[in-house]
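Structure record follows, encoded as structure tokens.
The values are calculated or read from the model by the stated rules, or taken from the named source; none is laboratory data. Given the structure is predicted, the values throughout are model-derived calculations rather than measurements. When we count neighbours, we look across all protein chains shown, and the Cβ atoms used for this are built from the backbone with ideal geometry, even at glycine.
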Amino acid sequence: MTAAPSLAETTAPPSLTAPDRLRPQPHGRLLLVTAVRLRRGPNGLQLDSQTCAGICRWAEHFNHVAFAGILLETEQEDGTTADWVDVASLPCAAQLTFHALPMAYRVGAFARTYRATRKLLADAIRQADSLCFTLGYVIGDWAAIAALEAHAQGRRYAVWFDRVEHEVIRNLLPSLPLKRRLKEQAMLLAMGPYHRLLTRRSSLALLQGMDTFNAYSAFSTNPACVYDVHTLAEDFASAPAIAEKIARIESGAPLRLVYIGRAAEMKGPIDWLEAIAGARSRGVELEAEWLGDGPLLAAMRQRATALGIADCISFAGHVGDREVVLSRMRQADIFLFCHKTPESPRCLIEALVCACPIVGYAGAYPAGLLARGGGGLLSPLNDPAALADALARLHGDREGLARLVREAAATGRCFDEEKLYGERAGLIAAHG
């Protein structure tokens, strides 16, 4: 790819209209620049279903939303399953413009596409009233280029951090091939100062969860800890469902464990298996399920067999039906996780919403969630034996586990997508 597409190529068909149910728009035109992947389908541009849901929420609070993401060519797809949606089919399509930016994480591709893409971003910035840029890398990070351009135009802008990217990369270094490892080490030298500069220049820093807030808030004059959720009030666990789960727990039935996410190194899938094996060796009767695909899924199956726990674990692979995913968490007694990097995964929030206690490795993000009202138990990072001990304690203390279920349900009620998007939209409109 040698040039960014023109604005004319990226605008959704104007013939589609927003539904009547959307309330009057209180704010103007919003520009979001992200690293989320777009692709070209048979009917035009496509986005994953979760991002589409978020864009529709933004469209409830802004008259127009321009969304810039990275165009994923067919040969660049990484094999991870996504539920792709035609952006032209969205109910708010008349309020949307999409910019498909080039994939340019290599120096050569970045240099070739820089001028055209910066011009596209400059034009989009001039047309917007509010600006929000999701930062994440150095070379090929168009959100960072948008921040540089906004500063050059004398515009206010908000930055958004989903996770502590430099820590994520640093933790992945040992698993990378030598050439890639050397490149990422070079990027790390520039990433910290680069992100701090852009954050200092911003008028608002939206920081997802406490890991991210702790890492970046000191560099912002206006930081806010926020949560990106896609759960609604109707997703909250009902009183009968909570009572049924507690009755089952107190009956002494085998524990039901679940995890929803990619089988990737940063999610700690092998630690997850070792914690389960340790719990089994401590006499814990359990059933466990991992929902999600990823590069380590085959290795997980092999490791489960080697540990002698394949009989109590199922691997569902990718499950695209949101209701199925939520129902699995509603039915589970424990959401077991082994996240190894400072990120802000939505799955922990979704578990709490479903009255499923979160039990896993300690970190500022899960601790910040539990500080709202409890609903989980945290163990030392990278210590599956300690996590196995925690499972054994909960297995033996069914009353305590039932209390965690009630606490999880109460904490989960803090995370209503409609309310939280409204709060973030207000922040961006006022400061971005």
What strands (runs of 3 or more DSSP E) completely inside region 228-339 contain at least 2 residues that are among the β-branched types (Val, Ile, Thr)? 255-260
Kindly check whether there is at least one residue in region 377-387 that is in contact with a strand residue (DSSP E or B) (Cβ under 6 Å, 6 or more places away or on another chain), under 30 Å from residue 49 (Cβ atoms) and of a type in the set (A, V, I, L, M). no
Looking across region 205-227 at residues that are over 19 Å from the mean Cα position of the chain (by Cα) and not aliphatic (A, V, I, L, M), the single one that is nearest to residue 363 (Cα to Cα) is 217
Among 287, 323, 343, 350, which is in contact with a Cys (Cβ under 7 Å, 6 or more places away or on another chain) and not aliphatic (A, V, I, L, M)? 287
Considering only region 293-308, I want to know if a residue exists there that is surrounded by fewer than 21 Cβ atoms within 10 Å (Cβ to Cβ) and within 16 Å of the chain's Cα centre (by Cα). yes
Please note which helices (runs of 4 or more DSSP H) are completely contained in region 106-201 and include at least 3 residues that are over 22 Å from residue 69 (Cβ atoms). 165-172, 178-201
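A quick yes/no check of all residues on (1) assigned to a helix (DSSP H, G or I); (2) of a type in the set (Phe, Trp, Tyr); (3) crowded, with 16+ Cβ neighbours inside 10 Å:
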| residue | (1), (2), (3) |
| --- | --- |
| 372 | no, no, no |
| 388 | yes, no, yes |
| 391 | yes, no, yes |
| 401 | yes, no, yes |
| 406 | yes, no, yes |
| 411 | yes, no, yes |
| 415 | no, yes, yes |
Could you tell me whether residue 355 is out of contact with any Cys (no Cβ under 9 Å at 6 or more places or on another chain), at positive phi and crowded, with 18+ Cβ neighbours inside 10 Å? yes
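Conditions tested, residue by residue: (1) modelled with pLDDT of 95 or more; (2) farther than 15 Å from residue 261 by Cβ.
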{"position": "335", "(1), (2)": "yes, no"}
{"position": "340", "(1), (2)": "no, no"}
{"position": "343", "(1), (2)": "no, no"}
{"position": "349", "(1), (2)": "yes, no"}
{"position": "356", "(1), (2)": "yes, no"}
{"position": "360", "(1), (2)": "yes, no"}
{"position": "370", "(1), (2)": "yes, yes"}
{"position": "377", "(1), (2)": "yes, yes"}
{"position": "380", "(1), (2)": "yes, yes"}
Qualifying residues in region 184-204 (those that are buried (at least 16 other Cβ atoms within 10 Å of the Cβ) and more than 23 Å from the chain's Cα centre (by Cα)) - the one nearest to residue 222 (Cα to Cα): 203
Filter result for residue 379 (touching a helix residue (DSSP H, G or I) at 6+ places or on another chain (Cβ under 6 Å), among the hydroxyl-bearing types (Ser, Thr, Tyr) and crowded, with 24+ Cβ neighbours inside 10 Å): no
Residue 315 being in contact with a Phe, Trp or Tyr (Cβ under 6 Å, 6 or more places away or on another chain), at pLDDT 95 or above and not basic (Lys, Arg): yes
Condition first: over 22 Å from residue 142 (Cβ atoms) and touching a strand residue (DSSP E or B) at 6+ places or on another chain (Cβ under 7 Å). Now tell me which residues in region 210-225 satisfy that. 210, 213, 217, 222, 223, 224, 225
